[in-house]
1. Within segment B:554-561, can one find any residue that is open to solvent by less than 40 Å² (accessible area, probe 1.4 Å) and either under 33 Å from the mean Cα position of the chain (by Cα) or within 12 Å of chain A (Cβ to nearest Cβ) (or both)?
2. For the condition among the charged types (D, E, K, R), over 28 Å from C:Gly72 (Cα atoms), surrounded by 21 or more Cβ atoms within 10 Å (Cβ to Cβ) and in the same structural domain as B:Asp181 (by TED's automatic domain parsing), what is the one hit in B:Glu315, B:Glu307, B:Glu344?
3. In this structure, is C:Gly43 on the phi > 0 side of the Ramachandran plot and touching a residue at least 40 places away in the same chain (Cβ under 8 Å)?
4. Could you say which residue among C:Thr67, C:Thr32 is in contact (Cβ under 8 Å) with a residue 24 or more places away in the chain, under 15 Å from the mean Cα position of the chain (by Cα) and open to solvent by 20 Å² or more (accessible area, probe 1.4 Å)?
5. Out of segment C:45-81, which residues are among the basic types (Lys, Arg) and within 30 Å of A:Lys220 (Cβ to Cβ)?
6. Considering only segment B:572-625, how many residues are over 42 Å from the mean Cα position of the chain (by Cα), buried (at least 18 other Cβ atoms within 10 Å of the Cβ) and part of a loop (DSSP other than H, G, I, E, B)?
7. Go over the candidates B:Phe210, B:Phe289 one by one and state the one that is touching a helix residue (DSSP H, G or I) at 6+ places or on another chain (Cβ under 6 Å) and over 30 Å from B:Phe469 (Cβ atoms).
8. When you go through B:Val460, B:Val438, B:Val452 one by one, which is the residue that is touching a residue at least 40 places away in the same chain (Cβ under 8 Å), open to solvent by less than 10 Å² (accessible area, probe 1.4 Å) and out of contact with any Cys (no Cβ under 9 Å at 6 or more places or on another chain)?
Amino acid sequence: MSGSVLVVDDELVVIKSCERILTAEGYNVDSASGGAEALRKTEKTSYDLVLTDLKMPGMDGLTLIKLIKRANPAQGIVVITGYPTQETIKEALEMGIIDYVPKPFTPAVLTDVTRRAFQWIKGTVGGEKPKDEFPPAMIAELDRVIREYKNKPGCAIPVLQRAQEIVGYLPPLIQKRIAKGLNISPAEIHSIVSFYSFFTMKPRGDHTVRVCLGTACYVKGIETIIAKLKDTLMIDVGGITADKKFSLETVRCLGACGLAPVMVIDHDTYGSLTQKKAVDALGNYASLQTAEMSEGDESAAGKGD
Amino acid sequence: MRYKRDERYKRNERYNAINAMNNFRANIMLCAGTGCVASGATNVKSVLEDELKKKGLEDEIKVVLTGCNGYCAKGPVMSVYPDDIFYQSVTTEEIPKLVEEHFLKGRPYEKLMFKEPEKKSAVPLMKDIPFFKYQVLRVLRNKGLIDPEKIEEYIARDGYQAAAKALTQMTPEDVINVIKDSGIRGRGGAGFPTGMKWEFCSKVRSDVKFMLCNGDEGDPGAFMDRSVMEADPHAVIEGMIIGARAIGSHNGYIYVRAEYPLAVKRLQLAIDQCYEAGLLGKNIFDSGFDFDLEIYQGAGAFVCGEETALMRSIEGKRGMPRPRPPFPAHKGLWDKPSVLNNVETLAQIPLIIMNGADWYKSLGTEKSTGTKVFALTGAVNNIGLIEVPMGTPLKTIIFDIGGGIKKGRKFKAVQMGGPSGGCIPESLIDIPVTYEDVVKTGAIMGSGGMVVMDDNNCMVSTAKFFLEFTADESCGKCVPCRVGTRILLDMLIDITEGRGKESDIEPLEDLGRDIIAASLCGLGQTAPNPILTTIRYFKDEYESHIKDKWCKAGVCRSLCTFMIDEKTCTGCGACMRACPAKAITGEKKKPHNIMQEVCVRCRSCYETCKFNSIRILPASAREKVIW
Amino acid sequence: MTRLTIEDLLKIKEKHQAEFNLREGGYRAKVTVHMGTCGIAAGARAVMTALMDEISNAGIKDVIVTTSGCAGLCAREPMATVEIINQPPVKYCDLNEEQIKQIFKEHIMAGTPVEKYVLVAGCETTY
């Protein structure tokens, strides 16, 4: 194996042992003792993989991951942590880490995780992510959820909900894994996924725009808002933008009729919409510099009141 | 036509409703706002009640606590109805004289009578604002008053005392009898008496029973359950504890829509607090009664509001209804006896246990007791969540509380009951809102959504909107619903796109009735209601769509032409700026023109024009115009 | 919190009422910002933050700031209720950050409701 690794930890012992184990495996190892230093190093040098602790004085691991990912979304990251709480791991997973190593770890675990991470990086670098493959950490988290719910009656829907939170959508591979784990036939899992509108088998964008189709919104002209959003994002309802920033969905009723017409982007509600307000709201989530966005914005301003 | 307000008539009506069951000669409305309580209202109440008893008047005159009237500086204040006399600065010493003068001798006690202050404050009071004036809060009693994330605040408003009473001082039969006596009916839609539901289930012998709460609120246009779960989650939990005790259940689920993240968060927090305080779990209040409660998040399917479908969904399967019997009271969730109640129903259960059945019945009508929460939305001025006694006239709700129609437009209809309901036209606006009276119009009470429509709304496309909904949400299990709603929808689409035939209306009605008769569950049995009611009250609109190819509201794009009236157009250019298709031309200060071949009939100009100069004409008008 | 008995319920009620009673608790005012889905969507969080900032800038300790659910008139959110001793609670509507700052200065500190933003004084009947 060869490749470059940056180890980030505030404990020198951890850095030293990582260096010793990984150098023996043939990796080029560099180190940083904190988030700020790591960030400077990633800006100057490119590493195949960053191994980082989460709890560090100064800039913590989650912030570091966020900043690295902002500059280079493709950067492979593995988390080393002594406190693998569900919350922080979930948050890190959402930011797109590949895997995590719980502290304390044996040399075998570290080399194993590193090797798998490199395999994953090679599969993704220089092209689209291979279909039906997910980062090991994601699969591990999914398996943990399956184990947690396995013996509860009626667990299929909660597991699917959690799986959709973790993976973002429910492709056949994930459905099969859940079916196997819960000992339910894949056909039944699929029948549940296709029945409920909350589940999606298509990937979503970074931000999901849900437009309300309730009666009050209908009476107040939600249709023109949907048309404007479709134009601006250049997608249909159910679609995802070319830059994968937004997906557009409709929902039966958001139960916020007092604000009609209304839409929700991720978890934020936008009420009393006009075409212009709807387009402006999109701008809060992704920069308006892409061609289609700025064009949409201009035309909205031009036509606006 | 403008609706004329007759204050005295209205006021009497409300208090007649309050008096309907009790026949008290008079009511003393004593302010229990913070200000008046601080100046001694609590003492005044007990002294007043003692004095009434002493004089033998306790069966004739009732003391009712009210919200703050805004006269805190003169507190404690009270008013006497129906005499409509207002007293201020009432002290305990003055009460014997007041009771003697007013209630025995029948003349106002002038010493304490309200004196109009010389300088009137510019701040309006509750009684000056119809939106607040006609409301009576029971379900929404803690609305805006407590922090829903703190259990102490709920307890400070008498929270969990009803649960304590039900668990330690009452037998399950006692609880069921009080609820039955109160006459409360399920607030989810059909209005089945809650007490009877509980009684059926309590009589079934089983070790395992389930107490369920329906927070799926699928009706588009209704949001009271969301609001109650967000603003007062403990009230729902307390109602469930009492219900569980009544039917002998030790496990419960609250089924909440996944679209309501804030409600889920606050309910979960409330449940956690209850476990910590021993209000859920083992041996609650040392009564030996155990109850476990958890949240189950729905995954988005309207049909899951139906009780058998909801139970299938909790079992982790496709939420499809099944034929009844067996009823859920016998075979429900996992084939165990189960009771499913709506959020709004459960939130009032603690009040009924605390105050008794007679108190509950003192509002509302004989068959529809208590109050009802409505989500008032659409074309009214005051959009929001309101609570009024059952039997309040529809007119009061829309024109007084709702403040009438926006921009002074003309009221056309109010949609009640969501996709299962119907549209009530202006001619029926005087009906009192009760389960029975609403059903007579062809609509249903439903969960309480009221979407008000004005003359900008096309009734044919409104019916189409709801059919699109039901056709899409039909679970597909039974043929009449799955195929029937699709055919109805196709016929409506034809009509709104100009392909309607004169012979279409009758088959619509016939097929609608067949679907009602043959469908398996409530979804199919009510799906044609929006079509049937709109045909019943707005047949002329269907006819003008079919015969004249004319949608007078300008909603169905194939069936209208927008033109500018040259006589009234001032050439201000507002429509030109609003037009997204750039179809409007014309010089400043001269009448403008719409280029029909460019116009997309989006209504933007119509909405924008301040001079009412945009005319909506039949589709054929386009051809007659020569450009 | 330990397991509650029935007596505890009454104790909590009394304690809470005493503490949050403006007069007995020694508070100047109580402000409730209504934070249902509607309020939050309309910008109640910004209003709340602005108010907290004003209070801490002024170094005031005797104002209770709390949140609650929807106040019922969703279309007029953000709304807030201001209660001061010997005056009816006043509901404000359609608020923004500037307005809440003015309300803080004129109503909470000086005791005069800001009439232009007032929706109503008083509270609803609950029975």
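The values are calculated or read from the model by the stated rules, or taken from the named source; none is laboratory data. Given the structure is predicted, the values throughout are model-derived calculations rather than measurements. Reconstructed Cβ throughout: ideal geometry from the backbone, glycine too, with neighbour counts over all protein chains shown. These area figures cover heavy atoms from the full protein model, side chains too; ligands, DNA and RNA do not enter into them. Shrake-Rupley method; radii C 1.70, N 1.55, O 1.52, S 1.80 Å.
1. Within segment B:554-561, one or more residues are open to solvent by less than 40 Å² (accessible area, probe 1.4 Å) and either under 33 Å from the mean Cα position of the chain (by Cα) or within 12 Å of chain A (Cβ to nearest Cβ) (or both).
2. After applying the criteria, what remains is B:Glu307.
3. In short, yes.
4. It is C:Thr67.
5. C:Arg45, C:Arg76
6. 2
7. Only one candidate passes the filter, namely B:Phe289.
8. B:Val452
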